[in-house]
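A.B. asks: One structure is given below, represented as structure tokens, and several questions about it will come after.
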There are 2 protein chains.
Amino acid sequence: MSVIYDRVALIGLGLIAGSMGLAMRRDGLAREIVGTARSAETRDVAVELGLCDRVTETAAEAVEGADLVVLAVPVGAMGRVAQEIAPHLKRGAVVTDVGSVKRAVLEGVGPHLPEGVHFVPTHPMAGTEHSGPHAGFAELFQNRWCLIVPPEGADETEIARLERFWQALGAHTERMDVEHHDLVCAVVSHIPHLIAYTMVGVADDLRRVSDQEVIKFSAAGFRDFTRIAASDPTMWRDVFLTNKEATLEILGRFTEELFALQRAIRTGDGDQLFDYFTHTRAIRRGIIEAGQDTEAPDFGRGTKQK
Amino acid sequence: MSVIYDRVALIGLGLIAGSMGLAMRRDGLAREIVGTARSAETRDVAVELGLCDRVTETAAEAVEGADLVVLAVPVGAMGRVAQEIAPHLKRGAVVTDVGSVKRAVLEGVGPHLPEGVHFVPTHPMAGTEHSGPHAGFAELFQNRWCLIVPPEGADETEIARLERFWQALGAHTERMDVEHHDLVCAVVSHIPHLIAYTMVGVADDLRRVSDQEVIKFSAAGFRDFTRIAASDPTMWRDVFLTNKEATLEILGRFTEELFALQRAIRTGDGDQLFDYFTHTRAIRRGIIEAGQDTEAPDFGRGTKQK
């Protein structure tokens, strides 16, 4: 691999930025990586683990002379950071972010950035339930999707360079417009996470089933709900607050469907349940046929070896 | 291993019974395994794959002289099968089942069985999204839980022998009373499955997000919902119809919680979301500390190597 950006600034040093730093260093994608985080402890850990070449105390210092600036803070903090770094950005620099919601980031960050700076939001669809600087690993983006959400009129050369950068980190890229991005992510990611959080909350709240039992028998389907529900609370709070419209819409559809099934259970309508459960098999088949399921996760019910 | 039951009859030859047959033959736990299924095709496949030593056309023939009879049909069909086999059961035989619901099985099967036959329901908490005779594999029960739900007054010697049998198949056993079993399973298994079915149904029903997109980006959290939602429709229909009370109760709690979170999103109450998401981390930690998560499934978001 060869250098894609001379100097890269990572604002925030958690799972995503840490993984980017490690992957960039492994493959020599940047000549220098500067990192910053609000907590001194996080900065120390980042240096110790080699997530970046050097750290600065402020975001303003970090972006000095940077060719690529990566905003890797919770979506709700992006606007504040943009305001802080704006006067210090190099002319011609590319600013990107890694947030899970894009309309809010466009509106929160865009207005602060000066002319001559390119803003190209992205969304690497990768993560684990771990967070913080210790959580990063260079292979995080391997074979994952990174959605590229350029605003109207963005510079084609810089969009293409950023795509090349994400591909060098291991990701597949796809362009999407902002509204569609927020809706697709509500369906495939945000609502599944909210549901998992809720289910875990319910189990914990039941006094007649002990925590010990829930834990012991979790492999029956419940266990991966808990994994999802252990994801970073700040990040997910911001996702739901900033993707409110799409989230509430899909949630409305979800409860509508759930009530229909609940009613079928209450009235004993076995045909409706059977038809519904048969129908949902089709999507699963589609995923297998599309080759999107080559890995082991299976809600803990054991992987079949044939 | 040594023989635990001389002759075992498997009624129904799907994923669970097929796996039991293969494991019994591997370890020599029975001198003869007789199987039956309603479909001639299933019986042929069972012989071909060696799930049992011989097959019979009817359940009545299969149980002749059997020391252990395993009812491995959907919960809704157990009563009918019990009625059919009752006159043909050997005195002193043990009848068990592998259904996911126990109150309905006790009530549906128990009254048909003659005196001198021991009825001890069990529930192996193991499975995959595959079903049918091709789906079985001998390792299915390895390190899984099998709940033993003996009715009042059941013979202690026979309960202990059946526990030894399940342990020989690889499972850990635990005794539970029937009402508690149905509640625990509603929490850790039945409701998570219903939710997964619902979420997949919602995604499929949305016209603005293409199936292709849902499939492509499913690793963001959605994918393992589809795996769960591909489970056997007949089995799950019967689970919900026969565990109605516990299912509706937990479902009520679930929607209550979900509405509280939905309201927090609508009103922008970030603190409530943050507190909720922080709280759910505790259960996850408990599962890791209890050593219940040693495998790879992680909602497809990549396994961290450290």
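A.B. asks: Give the ranking of A:274, A:240 by solvent-accessible surface, highest area first, calculated with a 1.4 Å probe. Intermediate values should be presented prior to the final figure.
C.D. replies: Values: A:274 70, A:240 0 Å².
Largest accessible area first, the residues go A:274, A:240.
A.B. asks: Continuing with the same structure: For the pair A and B, how large is the buried accessible area, both sides, in square angstrom to the nearest 100, if the probe is 1.4 Å? Don't skip to the end; give the middle numbers.
C.D. replies: On the way: alone 16920 and 16920 Å², together 23000 Å².
Result for this pair: about 10900 Å² buried.
A.B. asks: Packing-wise, with mean Cβ within 10 Å as the measure, how do B:148-158, B:242-252, B:44-54 rank, highest first?
C.D. replies: The peptides rank, most packed first, as B:242-252, B:44-54, B:148-158.
A.B. asks: What part of the accessible area of the stretch B:5-176, given as a whole %, is carbon or sulfur when the probe is 1.4 angstrom? Display every interim value, and only then the final one.
C.D. replies: On the way: 2950 of 6480 Å².
After summing per-atom areas, the C and S share lands at 45 percent.
A.B. asks: Cα centroids of the stretch A:86-138 and the stretch B:266-285: how far apart, whole angstrom?
C.D. replies: That distance is 24 Å.
A.B. asks: Taking a label point 7 Å from the Cα of residue B:80 along the Cα→Cβ vector, which residues of the stretch B:203-239 have an amide N closer than 17 Å to it?
C.D. replies: Residues passing the 17 Å test: B:233-239.
A.B. asks: Ok, one more. Please get the size of the charge dipole for the stretch B:5-176, origin at its Cα centre, with Cβ charges of +1 on Lys and Arg and -1 on Asp and Glu, quoted in debye to the nearest 20.
C.D. replies: Numbers: 16 positive and 23 negative charges, 30 e Å.
Rounded to the nearest 20 debye, it is 140 debye.
A.B. asks: Take every residue in peptide A:270-279, count the Cβ atoms of other chains within 10 Å of its Cβ, and give the average of those counts. Please report the intermediate quantities before stating the final value.
C.D. replies: Details: counts 6, 1, 1, 10, 6, 2, 9, 15, 4, 7.
The mean count of partner-chain Cβ atoms within 10 Å per residue comes to 6.
A.B. asks: While we're on this one: Volume per residue, Å³, of the convex hull around the alpha-carbon atoms of the protein assembly as shown? Intermediate values should be presented prior to the final figure.
C.D. replies: Numbers: hull volume 88.9 nm³, N = 612.
Expressed per residue, the convex hull around the Cα atoms of the protein assembly as shown is 145 Å³.
A.B. asks: Let me ask you something else. Report the one residue of A:21, A:68, A:197 whose Cα lies farthest in the direction of the positive end of the charge dipole of chain A (charges on C-beta: Lys and Arg +1, Asp and Glu -1; origin at the Cα centre).
C.D. replies: Of the candidates, A:197 comes out farthest on the positive side.
A.B. asks: State the antiparallel share, in %, of DSSP beta bridges confined to the protein assembly as shown, rounding to the nearest 5. It would help to have the intermediate numbers written out before the result.
C.D. replies: Working: 6 of 52 bridges.
Antiparallel bridges: around 10 percent, rounded to the nearest 5.
A.B. asks: Here is a follow-up. Would you mind classifying the stretch A:5-177 by shape? Square roots of the alpha carbon gyration tensor eigenvalues, ordered a ≥ b ≥ c; an a/c under 1.5 is rounded, otherwise it is prolate if a/b is larger than b/c and oblate if not.
C.D. replies: Working: a/c = 1.41, a/b = 1.13, b/c = 1.24.
Rounded.
A.B. asks: Using only the Cα atoms of chain B, what are the Rg and Dmax in Å?
C.D. replies: 21.4, 67
A.B. asks: Calculate the dipole size of the protein assembly as shown relative to its Cα centre from +1 charges on Lys and Arg beta carbons and -1 charges on Asp and Glu beta carbons; express the result in debye to the nearest 20.
C.D. replies: Roughly 520 debye for the protein assembly as shown.
A.B. asks: What does the accessible area per residue of the protein assembly as shown come to in Å², with a 1.4 Å probe and no ligands, DNA or RNA counted? Walk me through the numbers on the way to the answer.
C.D. replies: Numbers: 23000 Å² over 612 residues.
It amounts to 38 Å² per residue over the protein assembly as shown.
A.B. asks: Another question about this same structure. In peptide A:123-133, how many Cβ atoms from other protein chains are near each Cβ within 10 Å, on average?
C.D. replies: On the way: counts 1, 0, 7, 4, 6, 6, 7, 2, 0, 0, 0.
For peptide A:123-133, the averaged partner shielding equals 3.
A.B. asks: Right, next: Using modelled amide H (1.01 Å from N, peptide plane; none on Pro or chain starts), what sits under 5 Å from the amide H of residue B:119, excluding residues fewer than 5 places away?
C.D. replies: So residue B:119 has HN proximity to B:95.
A.B. asks: For the protein assembly as shown, what is the number of Lys pairs with C-alpha distance below 29 angstrom, counting only pairs 8 or more positions apart or on separate chains?
C.D. replies: Lysine pairs meeting the criterion: 21.
A.B. asks: Moving on to the next point. Which residues does a label at residue B:167 reach in the stretch B:139-154, if reach means a backbone N under 15 Å from a point 7 Å past the Cα toward the Cβ?
C.D. replies: Residues B:143-148 qualify, since their backbone N sits under 15 Å from the label point.
A.B. asks: Now for a separate question. Can you compute the helix-only [θ] at 222 nm over the protein assembly as shown? Use -39500 (n - 2.57) per DSSP H run of at least 4 residues, normalise by all residues, nearest 500 deg cm²/dmol.
C.D. replies: Working: 27 runs with 287 residues, N = 612.
Computed ellipticity for the protein assembly as shown at 222 nm equals -14000 deg cm²/dmol.
A.B. asks: Moving on to the next point. Calculated FRET efficiency, residue B:259 and residue A:177, Cβ-Cβ r, R0 25 Å, to nearest 0.05? Can you show the working numbers first?
C.D. replies: Numbers: r = 31 Å, r/R0 = 1.26.
In this case the efficiency is close to 0.20.
A.B. asks: With the label 7 angstrom out along Cα to Cβ, how close does residue A:252 come to the same site in each of the other copies, in nm, nearest first?
C.D. replies: With the label placed 7 Å along Cα→Cβ, residue A:252 yields 2.7 nm.
A.B. asks: Once the dipole of the stretch B:5-176 is set up with Lys and Arg at +1 and Asp and Glu at -1 on Cβ about the Cα centre, which of B:157, B:145, B:92 lies farthest towards its positive end?
C.D. replies: Sorting the options by dipole projection puts first B:145.
A.B. asks: Can you list, shortest first in nanometers, how far residue B:49 lies from the same residue in the other copies, with each label 7 Å from Cα toward Cβ?
C.D. replies: Ordered by increasing distance: 4.4 nm.
A.B. asks: Another question, then. Sequence gap at least 6, Cα distance under 8 Å: using those rules, report the relative contact order of the stretch B:1-121 to the nearest whole percent. Intermediate results must be reported in sequence, preceding the final value.
C.D. replies: Details: 246 pairs, mean separation 29.2, N = 121.
That works out to 24 percent.
A.B. asks: Just grab the label-to-label distance for residue A:205 and residue B:245, each label 7 Å out from Cα along the Cβ direction, in nm (one decimal).
C.D. replies: That separation, rounded to one decimal, is 2.3 nm.
A.B. asks: Mean Kyte-Doolittle hydropathy of 0.5 or higher plus an axial Cα length of 27 Å or more: which whole DSSP H helices in chain B meet both? Please list the in-between numbers first.
C.D. replies: Details: long enough: B:244-267 (34 Å, -0.09).
Qualifying helices, which must be both long enough and hydrophobic enough, do not occur.
The values are calculated or read from the model by the stated rules, or taken from the named source; none is laboratory data. Bear in mind the structure is a predicted one, so any value in this text is a computation, not a measurement. As a convention, Cβ positions derive from the backbone with ideal geometry for all residues, glycine included, and neighbour counts pool all protein chains shown. Calculation scope for accessible area: heavy atoms of the full protein, side chains included, ligands and nucleic acids excluded. Shrake-Rupley method; radii C 1.70, N 1.55, O 1.52, S 1.80 Å.
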